[in-house]
Amino acid sequence: MNRRHCAAAAITLVCALSLLTDPVQAMAAPTPDSTPSPSASAPSSPGPSSEKDLEKVREQIETLYRQAAAATDAYNLAEEQTKKQSGEIVKLAKAIVDGQARIAELKDRAGAQAREQYRNGGLPPGAQLVLSDDPQLFLDGVNKVRTSQQASKTVLAELNRTQEDLETYTQDASSNWHKLETNRVKQAKAKKKINARIAAAEKLESELETEERARLRRLEQEAANRAQSAWLATRPVQDVEAISGEASAAGKAAIAFATAQIGKPYVWGATGPGTYDCSGLTMRAWAAAGRPIPRTSQEQWRLLPRIDIKDMRPGDLIIYHADASHVAMYVGDGTIVHSPRPGRHVTLAGAGSMKILGVVRPDK
């Protein structure tokens, strides 16, 4: 590998970092999503007239928003990984620049030693000693030779080591750039899927008459109430009482932050202060309590300590659905605060109003 060429090429990464401010828009359009749009089965006008038909529409809309939530988690994770890779590239680019400067300095020192030898007639120090007739000069020269040889070895060893480091930095920078590009593609695909699912759900709802939309809201609430009642029915009385226990000091601070956001709209990918998605709300709430946690609901489920639901206390996070695509904060008495989905606002709801996957505790 031409080392100078590799190092120079890697430095161009610094200039390319200007693209990172808007990674998704910088990408070429991804291959169209081949998944058939659920909106294809949407009812045509006039809208559904019976409760049974309207219930089917509600289930379709719920499915679409669930799919959008899963894609939002994928987008958020790719965004976090993109930020991480961008930071790594900046560090590596700086290391490359510093390494080049150090190599230039070492080459100057090696050149100075070579020039000194030239000024001494081009003879190596050992040969000069042999030609010396002065014993004292000979003894003094021995020490100078040893010092000079050690200095030369040190310079050459450091030069080789720095060149090797520079090649490693260049390879690492290329690897990180590849990862960055991969995450940008993931973001673009997730963004497209999110927008498609939300648009399909909004289209379904927009085709309903005003009175039907009001009935749809009632059906949504009734479905949530049924799920909550079924969940409570499966919990022994002592469990329900236990999970209404005392929150930790950090948990109280997180709850205070989360409940103060009630009424603010859901926006996918948002982390406040005016809008939130589900994991954006829980992340900010626990950050306000002094406990940083992962950005996405799936990473919160994967990385935070898990606890049994019977041991749940206010401030804990409840992860929902088999794909861990939704998260809410438990506030006690069987209630959560969460940011539900597009078109809704941060609100209180029953802890069992959705299918629970498990519970995690950020401050365990």
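The values are calculated or read from the model by the stated rules, or taken from the named source; none is laboratory data. Keep in mind that what you see is a predicted model, and the values were worked out from it rather than measured. Backbone-built Cβ (ideal geometry, glycine too); neighbour counts: all protein chains shown. Remember, those area values only see protein heavy atoms, side chains included, never the ligands or the DNA or RNA. Shrake-Rupley method; radii C 1.70, N 1.55, O 1.52, S 1.80 Å.
Computed packing ranks the peptides 274-284, 168-178 as 274-284, 168-178, most packed first, by mean other Cβ atoms within 10 Å. Note on residue 256 and residue 302: the model spin-label points, each 7 Å out from Cα along the C-beta direction, lie 3.3 nm apart. For residue 209, the residues whose amide H sits under 5 Å from its own are 47, ignoring neighbours fewer than 5 places away on the same chain, with H placed 1.01 Å from N. Mind scanning 84/189; 52/186; 94/179; 179/264; 310/364; 83/193 and naming the pairs with a C-alpha gap bigger than 27 Å? Pairs exceeding the cut-off: 52/186; 179/264. Ignoring lysines fewer than eight residues from residue 153 along the same chain, the ones with Cα atoms less than 24 angstrom from its Cα are 107, 144.
With every protein chain in place and a 1.4 angstrom probe, the accessible-area ranking of 345, 326, largest first, reads 345, 326. With R₀ set to 30 Å, the beta-carbon distance separating residue 108 from residue 175 gives a calculated FRET efficiency near 0.45.
May I ask you to compute the full-extension gain from residue 202 to residue 288, defined as 0.36 nm times their residue separation minus their alpha-carbon distance, rounded to one decimal in nm? The span from residue 202 to residue 288 would gain 27.6 nm if fully extended. In the assembled protein chains, residue 232 presents an accessible area of approximately 70 Å² (probe radius 1.4 Å).
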